[in-house]
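Data first, discussion second: the structure below is written as structure tokens.
Please treat every number below as a calculation from the coordinates, not as lab data. Bear in mind that the values here come from a model prediction, so they are computed numbers and not experimental data. So basically every Cβ, Gly included, is an ideal-geometry build from the backbone, and we count neighbours across all protein chains shown.
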Amino acid sequence: MSEASDLMAKLAIENERLRLQKLRTETKGTEKDEGQPEAPKRQAPQKQEIDPKLQSWLNKNTWFGQDMVMTRGAQAIHEQIVANDGFDPSTDEYYQEIDKRMRVEFPQKFQSDRKVAQTVAPANGKAVSNSGRKKQIELTPGQVAFAKKMRIPLEQYAKEVAKIDSRKGA
């Protein structure tokens, strides 16, 4: 059952892609001079080959066809971005947009991709609480990346964050 729905979804995407390509071809055909003979039309093969970009996307998104809610969500997003937003299903931007919108619509399904914030203790004793223990400062992944990019030791950066936090709190 799952394989059948997976195949149906793939065929729906391919049919939409073919429809758009046919529409583009017809548009180009009307722009031709009438004096030029038309090239003979090719018949579509019975078995459609899957686009390599589609195959790559399916390999990265193993939930497609397995998780029916997400599969239907991806199909709905596909219909919306092709019909309303004008995305071409044969482009990388199309697949990036699908991925982006899936993460917005189903953030809980992609939580394993998030990084855990790093906790760093300040280097000096000034950030000591009343109990005499050092105050723990939790740096976000963005703060850690910034400190590393600026080549600031994490302990020193945490100390500065603690100063700023204490000024805000006081």
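Rank by packing, highest mean first: peptides 69-77, 18-26, 159-167, with packing defined as the count of other Cβ atoms within 10 Å averaged across residues.
Working: 69-77: 16.3, 18-26: 11.7, 159-167: 13.9.
Taking the mean over residues of other Cβ atoms within 10 Å, the ranking is 69-77, 159-167, 18-26.
A 32 angstrom limit on the alpha carbon distance is what I want to check against. Which of K148/K168; K10/K149; K60/K163 exceed it?
Exceeds cut-off: K10/K149; K60/K163.
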>> Could you check the spin-label model distance between E14 and D51? Points 7 Å from the Cα along Cα→Cβ, value in nm.
In response: 1.3 nm
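Report the gain in length on full extension from K100 to T62: 0.36 nm times residue separation, minus Cα-Cα distance, nm rounded to one decimal.
Working: separation 38, 0.36 × 38 = 13.68 nm, distance 1.62 nm.
So the extension gain works out to 12.1 nm.
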